[in-house]
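Novice: Below: one structure in structure tokens.
The values are calculated or read from the model by the stated rules, or taken from the named source; none is laboratory data. Keep in mind the model is a prediction, meaning the values are calculated, not measured. Every residue, glycine among them, receives a Cβ derived from its backbone with ideal geometry; neighbour counts consider all protein chains shown.
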Amino acid sequence: MIRRLPPREGEWLDRSESFSFLFEGEPVQAYAGDTITSALAASGRRSLARSFKYHRARGILSLANHDANVLLESDAATNIRADVTAPLPGAHYRAVNTFGGLRHDAGRALGLLAPVLPAGFYYKAFYRPRFLFPWWEKLIRHAAGLGHLPSAGAPSRQARRHAWCDVLVVGAGASGLAAAAAAAGAGARVVLVDEHARPGGRLNHLRAHEDSDGAWRAARLAELAAADNVTVVSGAWAAAFYADRCLPLVTRDGILLVHASAVVLACGCYEQPAVFRHNDLPGVMLAGAAARLLRLYAVQPCDAGVLLAGTPAAYHDALELRAQGMSLEALVDLGSGAPPALVERARAAGLQVFEDAVPLEARSRGGELAGLAIAAHGGRLRTTIDCDAVLMAVGVAPAAGLLVQAGGRLVFEARLGQHVPAALPAGVHAAGSLNGVHAFAARVEDGVAAAHAALADCGRAVAAATARPARAQQPVAHAYPVFAHPRGKEFVDFDEDLTLVDLRTAVREGFDSVELMKRYTTIGMGPSQGKLSNVNGIRVLAELTGRDIDAVGATTPRPFVHPVPMAALAGRRLRRAWRTPLDAWHRAHGGIMQEAGTWLRPRCYAATSGQAARAAAVAREHAAVRSAVGLIDVSTLGKIEIFGPDAVALLEYAYPCSFARLAQGMTRYVFMTDGSGTLIDDGVCACLGAQHYYLTTTSGQSQNVVRLLELYAAELALDVAIVERSFALGAINLAGPAARAVLAALSDIDLAAQAFPYLACREGAVAGVPARVMRVGFVGELGYEIHLPASRTCAVWEALMEVGSAHGIAPFGVDTQRLLRLEKGHVIVGHDTDGTTNPFEVGLGRAVTKSKSRHVGRHALGVLGTRVTRRLAGFVARDGRAGDIAECLLVIEDGRIAGRVTSVGASPVVGAVVGLVMVEEALAEPGRRLHVRLVDGTLLAIEVTATPFYDPHNARQDAGHDVAASTAPALQVSAESPVCEAYPTADFTTVVLNGTRLARRRGARPAARAWLLDLAHLPLRLVVGGGASAWFAARELAVPQAIQSARLLGTDGLVARTHVDEFLVVGASRAGAADALARATPGRDSDVLVLAEERAHFALVGAAWATILAELCAAPPDADAAPPAWRALRLAHCEVALWRVPGALPQWRVLASPADARFLFDTLAGCLAEQGGALATADELPALTGA
Amino acid sequence: MKYADFPLLGRRPFTEFSISGVLEPEPAELGEWSAARWVFERSSVPRERVEWWYHGASRLWFRVRRDTGSDVILAIEPARGGPRP
């Protein structure tokens, strides 16, 4: 039967567009503007889904997404909220959780078992025997529940954006519209959010005699639409209230995280159901649902309807619905307290009124509502009213979840029958029916007053504080709309199929506090989060325990007040990985890449990633290093310059080692502990000058060491600059007997053993590139660690490979390096050590100086050095199963754990498996037999051995022949942009600009609304030290005074003061003074250090970038600050500097670490494509910006 | 999401910082304190205290005076690089 009415004023349908979809295999007609449920109701269907536990037929309850009666699934999605979801033409929707379809659901049989399935039945019935519980659990989970995830379809992710405003108004009913209009009128930036498809709240469907022609609502909406300082977000819900007034608005397109200076909560109330026998039959619905059907979707809800009136307002609803053409025949007054005149008006309008009545039960025919049995006139009349709809109008309860999360407190106002706010935190205001204000004029007045209070919070002048209107004087909810029946089935929670008997059982068994009852019965824990069940649950609990409503209290409404799709929570996938300058080379040459902390590093170079191929590759690479020469990318090492008068003081405090005898041009091994004496990092420190040191750290600790050095400099008020160079410099370790010969062919540094001894550090050119070279012996061969600019690291690597080919050079990966250093007995901090290891346990005790009066960890190390209980020792295993020894296996002696394996590998030079074990001190003597417990439990014998396993006297450092310095002409090596490869080769080629290779467009530029450009060719300089200001003054440039501020230079250049004594100069895209400054020759003076800096440099051109930055950056936008508005911040998890270039088009610039460059560029480009933007190249900048 | 107004930086989300609690430089002498107590003993009593917060993007440390009872920030100052003398 078609229940659709002719077109009505105010309906949400677009009748010009109609289509059909399938429901349970049958076609259903719909108009644009319909929801799935409204279209199903228009087709005459009342049973739309099955319930969670007993598989009872369910239909419309609120039609406002406040219940979860009608959850559907399609081929693409599940748990679809049919009440508010527009049907897709041709889609096939089915009810969730049925066995054999909605109509013939075999699960109905569970209803017969209801007496033995009370709340929590499975804990009582199936706990014994315990081994069967998993089986029962699976069965129960299968029988009860919600939808299944569709296997088809790609996983979806949505963007999560930040938005900033002065006043956020939640709820667009009368008070919300009034508040938003008042705040907007005062010039505040306003966001108005409403859960329904269109703003208006109750005024859309149940206006009573208020705003009867909708003129007020229409006027406010027009006002808001015309204002450019208002954003109206419809069809979205504010899901939580977080600290600092941050509210996630869950929209169809993802989460909008709104940060507001003040919040007006005009969330309104949820209409509440009555509790009586069979109150869940399809056809029993909230009065609001019937009103929505009629007025928004032009559907006649019934042929003969009955309204349960619990409040005087229900009479107004009934009169209005009847006047609007609803076939409402009878009104059952449950003791509403309506004045006699109102009762007479209802009778005069043709309604049959039963006074002083109670509902006994809803009667069904074919599983759907057919009548309502009542007792009226104080029980003197018992009758059954034939009807096909029961409209519940027994009262409302406030939507107070956000208010409580904000820190507000509620009290129950008995006269009103409603919880009202008793205390609110600063910056939060409640208005409208949430505030207990119900009459239309009062709601409007309350909204305006709340807006004025919110404006005052934002520091906006308000003429005078507006008085709040008085709260309603008559009850807005029936005191106890609960009507028990001897045969039960009075549903309190429709989500979880909970009836009065379940609540009674909970109380009887002692779960009589509101929080305990919730957990025992799961009331309010279903998908509608108790919107329609919590208040009735509290009423029942109060009644059963003889307490009043306030004494019972309420459960805590935690985030989220409404379920949020996982896709919205997940947001965009932003998994950052640092790439070295050699990343592309590794991939092109068979590097088996793996994550090492944030870095991606090659394990080895092999044709396939299988274990056998890797083992063969490691053996080959190992042989090359031991017998010829190999090279490894060690760009991941942390690299830090320390410069200033207090440089030594900082090092002496930060490290337990002594720097007193570290001569200029030499390095020493250093290790760092924390205050508890735990080893946290190690590396090499080179002395480059009287107050200039160069430090390396382990790959994983570079950021932490910078952080700690900055901390110590601040704590001790030291005059020293700490310059982070980890990403600006690449590093290559060239090792093997032929290393000297290979390097000599490319370098002007004198490599003779006398001139460049072990542990020395020299500066010079390698393949024409300025480099710092240190003689280190980590892998146990003659070796040079070459530190050089990141942009030219790959070119130098390739030059070394070419020169080395005559010597049998091979690149080696991390796996090979680990084996090489293991043979040498070298410890890897963080691998052989953990968060409890101190230097004395790993053989570094002798390097802990006792001569210093003060350094980090001194007191702890003083104690630890006297009581060493375990030690890292070497071992050899020659057993046939020695290959099964793995890291972290335990050493077992006398049946107890005596230690663990920290490193292990098959050593070709020893001809056996060797490794390191952290064992009890007494067991760490060479020659001692220990036992390692293998994975299968077998105890395998190993023998403790002295380390190193290889070259104990460091003779290999003297290997190779002395050679003369290179006389070959320097190579012309061009720098390379870290994102060259990110430009698609179909549209772009490369070009060398200012000595830097970057992308260039092949054809014509496409049309786009925003652009992303790589500006790697613009020079950067760091000017460091106490003499930096003077350095700039000598070049007639006044520098910014405040740290983290900047000044524009030339067309689009910039000088920024990035730290206490650190300035960054960014070259301009057009030659001029700025550009010349950024090309200043790097070098060192007594108090100033000029360094060639390397960072990824992108231009973001076009207004669309504001949207993208609002997604990727949690810091507030800088629109109000004058350019350049320099800021160091976090963008897509990367630490960057962001600033603006003035011009015709909005333009931002980003400086990022070269290691982050590719990830950041790809992320920005991906976001840009969604916004209709495109990539562009450096040479297009003038054309794009009109400069 | 929590935010605060930082000197030198402006309004920033807490997520940009790593927060290290109360820190003190290692003293040359410990006085009556034993090494173990100095290393390990920390008070968690809710109170007003000065915490050290590190902003990774700018490599700046801040001293943040915060009441851990009410979680209200009372003052923030940069640990280095205030106005130059």
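Novice: Collect the residues in the stretch A:838-864 that are part of a helix (DSSP H, G or I) and within 42 Å of the chain's Cα centre (by Cα), keeping them in residue-number order.
Specialist: A:P839, A:F840, A:E841, A:V842, A:R858, A:H859, A:A860, A:L861, A:L864
Novice: Working carefully through the options A:N97, A:N69, A:N79, find the one that is within 25 Å of A:L286 (Cβ to Cβ) and surrounded by fewer than 21 Cβ atoms within 10 Å (Cβ to Cβ).
Specialist: From the options A:N97, A:N69, A:N79, the qualifying one is A:N79.
Novice: Related question: Given the conditions (1) surrounded by 14 or more Cβ atoms within 10 Å (Cβ to Cβ); (2) more than 7 Å from chain A (Cβ to nearest Cβ); (3) at pLDDT 95 or above, and given that B:E16 satisfies all but one, which numbered condition is not satisfied?
Specialist: (2)
Novice: Follow-up question, since we're still on this one. Being away from chain B (no Cβ under 14 Å), in a strand (DSSP E or B) and under 29 Å from A:A795 (Cα atoms), is that true of even one residue in the stretch A:715-728?
Specialist: Scanning the stretch A:715-728 turns up no residue that is away from chain B (no Cβ under 14 Å), in a strand (DSSP E or B) and under 29 Å from A:A795 (Cα atoms).
Novice: Give just the number: which of (1) of a type in the set (D, E, K, R); (2) free of Cβ contacts under 8 Å to residues at least 60 places away in the same chain; (3) touching a Phe, Trp or Tyr at 6+ places or on another chain (Cβ under 8 Å) does A:E329 not satisfy?
Specialist: Status for A:E329: all satisfied but (3).
Novice: Against the conditions (1) within 14 Å of chain B (Cβ to nearest Cβ); (2) surrounded by fewer than 24 Cβ atoms within 10 Å (Cβ to Cβ); (3) small (G, A, S), where does A:A304 fall short? Just the number, please.
Specialist: For A:A304, the failing item is (1).
Novice: Also, quick follow-up: Run A:R252 past the list (1) at pLDDT 95 or above; (2) more than 11 Å from every other protein chain (Cβ to nearest Cβ) and report the number of the one that doesn't hold.
Specialist: Every listed condition holds for A:R252 apart from (1).
Novice: Any residue that is in a helix (DSSP H, G or I) and in contact with a His (Cβ under 9 Å, 6 or more places away or on another chain) - is there at least one of those in the stretch A:675-688?
Specialist: No, the stretch A:675-688 contains no residue that is in a helix (DSSP H, G or I) and in contact with a His (Cβ under 9 Å, 6 or more places away or on another chain).
Novice: If you don't mind, another one. Just to be sure I understand the filter: pairs with C-beta atoms under 6 Å, separated by 6 or more residues or on different chains, first member in the stretch A:427-452 and under 18 Å from A:R245 (Cβ atoms), second member charged (D, E, K, R) and modelled with pLDDT under 95. Which pairs pass?
Specialist: A:G427/A:D457
Novice: Continuing with this model, one more query. Given the residues A:L206, A:L177, which is the only one that is crowded, with 23+ Cβ neighbours inside 10 Å, over 28 Å from A:A95 (Cβ atoms) and at pLDDT 95 or above?
Specialist: Checking each option against the conditions leaves just A:L177.
Novice: Taking the stretch A:839-865 as the region of interest, how many residues are away from chain B (no Cβ under 11 Å) and β-branched (V, I, T)?
Specialist: Qualifying residue count, the stretch A:839-865: 3.
Novice: Another question about this same structure. Under 8 Å between Cβ atoms, which residue pairs at least 6 apart in sequence (or on different chains) link something in the stretch A:940-958 that is closer than 22 Å to A:R740 by Cα with a partner that is assigned to a helix (DSSP H, G or I)?
Specialist: A:Y950/A:E823
Novice: Which one is nearest to the other protein chains (Cβ to nearest Cβ), of the residues in the stretch A:693-703 that are surrounded by fewer than 23 Cβ atoms within 10 Å (Cβ to Cβ) and touching an Asp or Glu at 6+ places or on another chain (Cβ under 7 Å)?
Specialist: A:Q701
Novice: Looking for whichever is surrounded by fewer than 16 Cβ atoms within 10 Å (Cβ to Cβ), more than 7 Å from chain A (Cβ to nearest Cβ) and either over 10 Å from the mean Cα position of the chain (by Cα) or modelled with pLDDT of 90 or more (or both) here; the options are B:E41, B:E51. Which one fits?
Specialist: Going through B:E41, B:E51 in turn, the sole match is B:E41.
Novice: Return only the number of the condition from (1) touching a residue at least 24 places away in the same chain (Cβ under 8 Å); (2) more than 7 Å from chain A (Cβ to nearest Cβ); (3) in a strand (DSSP E or B) that B:R65 does not satisfy.
Specialist: Of (1) touching a residue at least 24 places away in the same chain (Cβ under 8 Å); (2) more than 7 Å from chain A (Cβ to nearest Cβ); (3) in a strand (DSSP E or B), only one is false for B:R65: (1).
Novice: Restricting to the stretch A:1043-1069, count the residues that are more than 14 Å from chain B (Cβ to nearest Cβ), touching a residue at least 60 places away in the same chain (Cβ under 8 Å) and of a type outside the set (A, V, I, L, M).
Specialist: So the answer is 4.
Novice: What number of residues within the stretch A:21-61 satisfy the criterion of being within 18 Å of A:F99 (Cα to Cα), assigned to a strand (DSSP E or B) and in contact with a strand residue (DSSP E or B) (Cβ under 8 Å, 6 or more places away or on another chain)?
Specialist: Count: 5.
Novice: Which of the residues spanning the stretch B:1-13 are within 8 Å of another protein chain (Cβ to nearest Cβ) and either in a loop (DSSP other than H, G, I, E, B) or farther than 17 Å from B:D67 by Cα (or both)?
Specialist: The answer is B:M1, B:K2, B:L8, B:L9, B:G10, B:R11, B:R12, B:P13.
Novice: Something else now. Among the candidates A:A616, A:A628, A:A690, single out the residue that is modelled with pLDDT under 95 and among the small types (G, A, S).
Specialist: Of A:A616, A:A628, A:A690, the one residue that is modelled with pLDDT under 95 and among the small types (G, A, S) is A:A690.
Novice: Could you tell me whether B:L30 is in contact (Cβ under 8 Å) with a residue 24 or more places away in the chain, of a type outside the set (G, A, S) and within 10 Å of chain A (Cβ to nearest Cβ)?
Specialist: no
Novice: Does A:R547 satisfy being surrounded by fewer than 17 Cβ atoms within 10 Å (Cβ to Cβ), more than 27 Å from the chain's Cα centre (by Cα) and not aliphatic (A, V, I, L, M)?
Specialist: yes
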